[in-house]
Amino acid sequence: MGELAGNKHVEYILSVERRKDDFHSVLMEHLRMNGAYWGLATLDLLGKLDAVDSEDVVSWIMKCQHESGGFGGNIGHDPHVHYTLSAVQVLALFDKLDVLDINKVTGYVASLQKEDGSFSGDTWGEVDTRFSYIAICCLSILKRLDSMDVEKAVKYIVSCKNMDGGFGCTPGGESHAGQILCCVGALAITGSLHHIDKDLLGWWLCERQVKSGGLNGRPEKLPDVCYSWWVLSSLIMIDRAHWIDKEKLIKFILDSQDTENGGISDRPDDAVDVYHTYFGVAGLSLLEYPGVKAIDPAYALPVNVVERIFFGRCST
Amino acid sequence: MHGRPRTAPKPEDAAASAAKAQKLRALQSQFLSYHHNRIYTKEALDASAKLLEVNPEYYTAWNYRKLAVEHRVKESDSSPESVKSVFDDELKVVENALRQNFKSYGAWYHRKWVLSKGHSSLDHELQLLDRFQKADSRNFHAWNYRRFVAALLGRSVEDELQYTEDLIGNNFSNYSAWHNRSMLLSEILKKKEQESSSQDIISKEYEFVLNALYTDPDDQSGWFYHLWLLDQTFKAKAPLLVSSWPVPGSDLVVSGNVSLADHPLSSFSEFAVALERFPVVLYFNQTVEGVNSSTVTIQSTFVQNEDVTWKPLSPQNSRASKVWVGYLDLSGVDHHSSASHTVEIKLGHHQGIMSSNGLQLSIPFDLSFTVSAKPLETQSSKEEKVAWEEDRFYACETHLQLAIPSLCYDGIAVENKYEPTTSDWQIGTIAEEISQIRNLLAISDSKIGKITLARLLMAHDAMSSPYATKTVHAEEVLGLYSELMKLDSSHSQYYRDERSLVLLQQLLSSREMLLRYCFCYGGITSSSTYGPICLRLNNQSISRMGSFDKLLWVQMLDLSDNELHSIEGLEAMQLLQCLNLGRNKLRSFTALDPLRYLKSLKVLSISHNEIGLHSIDTTRYSCSASPLSHNGEIIWSHDVFPPEDSDVTNYWEAFMVFKSLELTQLDIVGNAVTNEKFKSFLPKVLPKLQFLDGTCGDFAFIQTYLLRSLFGHSPSVSLISTHGYVQ
């Protein structure tokens, strides 16, 4: 088994940032805020966050804020709760949450809650449990969870629970590991994990590990490095992570690295991208791989950042 | 990138990519300018359509098109035809976008948005879906959309059920179709009023899924559905009280909360608990809510029913739990007389105690026991140290025979003339499935087949004896899990945990078995011939604890030398005073969260575990007072910690667990966390501690000093409970 090519991945992420002009980068321009979070979180997990100028990043983020308080995926793009969370997360990485007008951001996020407790992603009304998680995570980081109806939000999430113990996008939707992370994360942050049948869901999740050691997102699908995060963080939050073979998963992630040019792909020998690089490194962090900082499974931020937020350890 | 091979870029590709990028960038800028200036001309609309065709994930363009629709409808002559044509344009844009990427959230939502406005025909939607579901029968966007369209069209549940049957017929491995079938069938079952018709449906489904299982026994899809059917078979099961403390008919002798040395726990009917907090534990076979002073009535000369508050023993702020505790205040009992007082507890005579699916407690229970107080002896000021070495324990069978009342088992069943709650249909169904899966396993080595058989056999045993005193199939099940550990080594820890639960059921299945693990503790002999009774389950390869319903009476428990990484469920053991968890695999202090509920716990060993060794804490979200999960009980606020004392925040996990305990003895040696700094922190949170890692320390001096530095000077340092009580 190879080793983690940490420095190569750092170089790769920095090079993606510089390479703005190829077709793929232009295609992804609308979600640059997510990209910033994936890339910068990876750098932080690898101990290289200081390779970027935090002031540049912060001033760019603030240019993406809309007058409603929400953030867009890039300058001039519409606000959406997904990019709002990424913006808040990146600011948290740099310990710069104080640049935010908390009331304004909170107002935007809380205004997206619907009568049944669910959340829409923006003012156009698409409802999904992903947005419930995003809103809960975001307001918890801002310590303003009290500005939404938590009880109703939890009730809606529970209404999306399925026969296999997992969760779907909306009531009736099929279980999917990404969706499960969102629902388990939201229930974890709101202290509501008792709504989960941990043994049933834990078994379904551990059965996502296939022979190659990688994890898939649903039964009878191909494994993909990004599920190292979605599945494993869910298993950790319900304390069932020991039900998978960690060594085999580490090998699968390391085998998916491009050791020459940096970056991690969905499966060995596929093309790399920042998304999979982040989820690969985050997965290794959850697997306690040496040299990678510990990440929190619910907030998807390094543990030291989360503790700084909740205990004010370093910021005072 | 999903599924795209890693290839080195060729120079000519780079050039082509740059040219394409330039064109796309121009289109994007043009679009944004139209959007920001609210221009909805044909030219502008075409630009957005073109952009979405290339990049369906460009969400702002979908928003723009919705604004444009609103604008165009307003500007139109509002005839149905022109309005319809505005919306029809959108359906075309969506179709083009989906052709490029049929997993685009934005495109699918735009279509829903258009249809929900009610100006478009729904005739083509099912055809469109057929096309997408043929191309990828697992596309969950398409399935979600299908449920949406089926509802709009008013399609019958039966028609949709037929559709899943067709798809499963084409390919047994279509988990999405099985999932949808479970949703549809749940709806149908809900409507059936007659039990027999639900049973017919479920029986037919067993036949249907068995076909799939035979076709490919290694495919997971059908097996998950089979597990769900099993759950449906039992769904009608009403909650049942399976165990309690005290046991009905017992005669208890209780003394105040004195030290172990003064009060050897030498019999199962003698207890040293705080008289003002005498616990009554109710253990149900499933999670219930509604246990309170109106559903449970207590009759006794010294306890007022309404003074008793029932609490769910659940590690989070839930209103439901399998285990409930009520504390009686017995401080009125006369210590100088040995007269016994009768306590009668009745539950289930009024409606209100019910399961999560609304079923009421099936059988009313009456629990009656007597309590007498033991005269208080003079208290010794010093505790005696509890040592867990092998030579401190001795078997004393005749004494134990007398000390352990037979009431421990089947007590509830006998007292309440228990009658089976399972139907012939349920028993018949399980027996049939056992034989079917056995047949299947005769021709295949299917891993999930074996798991299913193990679960069926355990369900069968539980059904014939809900108090799990008979474990007819335990040996076979243990064998199956051992086999699975070899067959599927990646998941061996799962099988080990399942095996462990079965093993414990077996170990505790009868009084005779139990006696083999009970010993007298000889370490404390100052005031009695026999020492406390200790249940010793040490060195049994237990990786997961269970069968707590059988252990409610235990006051001294040795679980050392096992493979425990969690003690989930231990909160039910309200009488525990001494607990040895040494040499296990506990990874963090948050894993000790269940101990916070054990108000009698005095002596604890967690030596030689893995606390402090791991960077990832797997129990920080399942614990009840974590500041990260807004769990209320302790308000962890920035301002309650003085900046000069970082210990509480550095060791918040330990602080959280220990602050609710009154330990007199703690062994913690052999964990990565135990350095000098940590050890000097412990007396701050455990002011009653007399022995730390075997050393008798006079911590009083340190305590006074440290407490002053921690809590003394700053009025802002306070820990506030949810009740606003400042400690």
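The values are calculated or read from the model by the stated rules, or taken from the named source; none is laboratory data. On a predicted model such as this, the values are computed, not experimentally measured, just so you know. Note that we place each Cβ from the backbone using ideal geometry, even for glycine, and neighbour counts take in every protein chain shown. Only protein heavy atoms, including side chains, enter the accessible area calculation; ligands, DNA and RNA are left aside. Shrake-Rupley method; radii C 1.70, N 1.55, O 1.52, S 1.80 Å.
Going through segment B:89-101 one residue at a time, which ones are surrounded by fewer than 19 Cβ atoms within 10 Å (Cβ to Cβ) and more than 14 Å from B:Arg65 (Cβ to Cβ)? Explain how you work it out, then say what you get.
Let us first name the residues in segment B:89-101 that are surrounded by fewer than 19 Cβ atoms within 10 Å (Cβ to Cβ), namely B:89, B:91-92, B:95-96, B:99-101.
Of everything in segment B:89-101, those that are surrounded by fewer than 19 Cβ atoms within 10 Å (Cβ to Cβ) and more than 14 Å from B:Arg65 (Cβ to Cβ) turn out to be B:Arg99, B:Gln100, B:Asn101.
State whether the residues of segment B:195-205 include one that is among the basic types (Lys, Arg), at pLDDT below 90 and either closer than 22 Å to B:Glu158 by Cα or part of a helix (DSSP H, G or I) (or both). Quick ask: steps written out before the conclusion?
Of the residues in segment B:195-205, the ones among the basic types (Lys, Arg) are B:204.
With at pLDDT below 90 added as a condition, the list becomes none.
Checking segment B:195-205: not a single residue is among the basic types (Lys, Arg), at pLDDT below 90 and either closer than 22 Å to B:Glu158 by Cα or part of a helix (DSSP H, G or I) (or both).
Conditions tested, residue by residue: (1) open to solvent by 60 Å² or more (accessible area, probe 1.4 Å); (2) at pLDDT 65 or above.
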| site | (1), (2) |
| --- | --- |
| B:Lys385 | yes, yes |
| B:Leu402 | yes, yes |
| B:Pro405 | no, no |
| B:Ile430 | no, yes |
| B:Ser435 | no, yes |
| B:Arg438 | yes, yes |
| B:Leu441 | no, yes |
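When you check B:Thr471 against the structure, is it surrounded by 20 or more Cβ atoms within 10 Å (Cβ to Cβ), in a loop (DSSP other than H, G, I, E, B), at pLDDT below 95 and not aliphatic (A, V, I, L, M), yes or no? Lay out the reasoning, then the answer.
Working: surrounded by 20 or more Cβ atoms within 10 Å (Cβ to Cβ): yes; in a loop (DSSP other than H, G, I, E, B): yes; at pLDDT below 95: yes; not aliphatic (A, V, I, L, M): yes.
Yes: the conditions hold for B:Thr471.
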Those residues of segment B:243-294 which are open to solvent by 20 Å² or more (accessible area, probe 1.4 Å), in contact with a strand residue (DSSP E or B) (Cβ under 8 Å, 6 or more places away or on another chain) and either under 19 Å from B:Ile353 (Cα atoms) or modelled with pLDDT of 90 or more (or both) amount to B:Tyr283, B:Asn285, B:Gln286, B:Thr287, B:Glu289, B:Gly290, B:Asn292, B:Ser293
Selection from segment A:296-306 of residues more than 8 Å from every other protein chain (Cβ to nearest Cβ) and either within 16 Å of A:Trp38 (Cα to Cα) or outside any helix (DSSP H, G or I) (or both) yields A:Ala300, A:Leu301, A:Pro302, A:Val305
Note on segment A:137-147: residues within 12 Å of chain B (Cβ to nearest Cβ) and open to solvent by 10 Å² or more (accessible area, probe 1.4 Å) are A:Lys143, A:Arg144, A:Leu145, A:Asp146
The residue that is nearest to A:Cys183 (Cα to Cα), considering only those in segment A:234-274 that are buried (at least 21 other Cβ atoms within 10 Å of the Cβ) and hydroxyl-bearing (Ser, Thr, Tyr), is A:Ser234
Only one of (1) away from chain A (no Cβ under 11 Å); (2) at pLDDT below 90 does not apply to B:Ser626, and that is (1)
Does segment B:154-161 contain at least one residue that is surrounded by fewer than 18 Cβ atoms within 10 Å (Cβ to Cβ), at the interface with chain A (Cβ under 10 Å from one of its Cβ atoms) and farther than 22 Å from B:Asp231 by Cβ? no
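Regarding B:Ala47, is this residue away from chain A (no Cβ under 13 Å) and either within 53 Å of the chain's Cα centre (by Cα) or surrounded by fewer than 17 Cβ atoms within 10 Å (Cβ to Cβ) (or both)?
Values: away from chain A (no Cβ under 13 Å): yes; either within 53 Å of the chain's Cα centre (by Cα) or surrounded by fewer than 17 Cβ atoms within 10 Å (Cβ to Cβ) (or both): yes.
In short, yes.
I'd like to know if segment B:102-120 contains one or more residues that are closer than 27 Å to B:Gly154 by Cα and loosely packed, with under 13 Cβ neighbours inside 10 Å. Step through it out loud before you land on a result.
Going through segment B:102-120, the residues closer than 27 Å to B:Gly154 by Cα turn out to be B:102-120.
Retained after the next criterion (residues that are loosely packed, with under 13 Cβ neighbours inside 10 Å): B:116, B:118.
Yes, that holds for at least one residue.
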Taking first residues from segment A:207-223 that are closer than 18 Å to A:Asp270 by Cα and more than 7 Å from chain B (Cβ to nearest Cβ) and second residues anywhere that are at pLDDT below 95 and open to solvent by less than 10 Å² (accessible area, probe 1.4 Å), the pairs with Cβ under 8 Å that are 6 or more apart or on different chains are A:Gly214/A:Ser228; A:Leu215/A:Ser228
Looking at the structure I just gave you, is A:Tyr299 open to solvent by 20 Å² or more (accessible area, probe 1.4 Å), more than 16 Å from A:Ala5 (Cα to Cα) and either small (Gly, Ala, Ser) or touching a residue at least 60 places away in the same chain (Cβ under 8 Å) (or both)? no
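Residues that are within 13 Å of chain B (Cβ to nearest Cβ), of a type in the set (Ser, Thr, Tyr) and either open to solvent by 70 Å² or more (accessible area, probe 1.4 Å) or free of Cβ contacts under 8 Å to residues at least 24 places away in the same chain (or both): does segment A:5-13 have at least one? Walk me through how you get there before you give the answer.
First pass over segment A:5-13, keeping only residues within 13 Å of chain B (Cβ to nearest Cβ): A:12.
Checking which are of a type in the set (Ser, Thr, Tyr) leaves us with A:12.
Going one step further and asking which of them are either open to solvent by 70 Å² or more (accessible area, probe 1.4 Å) or free of Cβ contacts under 8 Å to residues at least 24 places away in the same chain (or both), we end up with none.
No; the residues of segment A:5-13 include none that is within 13 Å of chain B (Cβ to nearest Cβ), of a type in the set (Ser, Thr, Tyr) and either open to solvent by 70 Å² or more (accessible area, probe 1.4 Å) or free of Cβ contacts under 8 Å to residues at least 24 places away in the same chain (or both).
Okay, residues lined up against (1) within 29 Å of B:Phe284 (Cα to Cα); (2) in contact with a helix residue (DSSP H, G or I) (Cβ under 9 Å, 6 or more places away or on another chain); (3) buried (at least 18 other Cβ atoms within 10 Å of the Cβ):
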{"residue": "B:Ala177", "(1), (2), (3)": "no, yes, yes"}
{"residue": "B:Arg181", "(1), (2), (3)": "no, yes, yes"}
{"residue": "B:Glu195", "(1), (2), (3)": "yes, yes, no"}
{"residue": "B:Lys204", "(1), (2), (3)": "no, no, no"}
{"residue": "B:Asp216", "(1), (2), (3)": "no, yes, no"}
{"residue": "B:Tyr225", "(1), (2), (3)": "yes, yes, yes"}
{"residue": "B:Leu229", "(1), (2), (3)": "yes, yes, yes"}
Can you confirm whether segment A:187-203 contains a residue that is facing another protein chain (nearest Cβ under 10 Å), open to solvent by 10 Å² or more (accessible area, probe 1.4 Å) and touching a Pro at 6+ places or on another chain (Cβ under 9 Å)?
-> yes
What do you reckon, is B:Ser446 touching a strand residue (DSSP E or B) at 6+ places or on another chain (Cβ under 7 Å) and either of a type in the set (A, V, I, L, M, F, W, C) or open to solvent by less than 20 Å² (accessible area, probe 1.4 Å) (or both)?
-> no
Any residue at all in segment B:534-556 that is open to solvent by less than 10 Å² (accessible area, probe 1.4 Å), farther than 21 Å from B:Pro312 by Cβ and of a type in the set (D, E, K, R)?
no
On the given criteria, is A:Ile244 touching a strand residue (DSSP E or B) at 6+ places or on another chain (Cβ under 6 Å), at the interface with chain B (Cβ under 8 Å from one of its Cβ atoms) and of a type in the set (Val, Ile, Thr)?
yes
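For segment A:256-269, indicate whether the set of residues that are free of Cβ contacts under 8 Å to residues at least 24 places away in the same chain and facing chain B (nearest Cβ under 10 Å) is non-empty. Walk me through it before giving the result.
The initial filter retains those residues of segment A:256-269 that are free of Cβ contacts under 8 Å to residues at least 24 places away in the same chain, namely A:268-269.
Now narrow it down to the ones that are facing chain B (nearest Cβ under 10 Å): A:268-269.
There is at least one residue in segment A:256-269 that is free of Cβ contacts under 8 Å to residues at least 24 places away in the same chain and facing chain B (nearest Cβ under 10 Å).
Across segment A:71-85, what is the total count of residues that are in contact (Cβ under 8 Å) with a residue 40 or more places away in the chain and more than 12 Å from chain B (Cβ to nearest Cβ)?
Residues of segment A:71-85 in contact (Cβ under 8 Å) with a residue 40 or more places away in the chain: A:73-74, A:77-85.
Checking which are more than 12 Å from chain B (Cβ to nearest Cβ) leaves us with A:84-85.
The qualifying residues number 2.
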Per the filter on segment A:49-70, residues under 21 Å from the mean Cα position of the chain (by Cα), away from chain B (no Cβ under 14 Å) and hydrophobic (A, V, I, L, M, F, W, C) are A:Leu49, A:Val52, A:Val57, A:Val58, A:Trp60, A:Ile61, A:Met62
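Taking B:Gly169 as the residue in question, decide whether it is surrounded by fewer than 19 Cβ atoms within 10 Å (Cβ to Cβ) and on the phi > 0 side of the Ramachandran plot.
Values: surrounded by fewer than 19 Cβ atoms within 10 Å (Cβ to Cβ): yes; on the phi > 0 side of the Ramachandran plot: no.
Criteria not met by B:Gly169.
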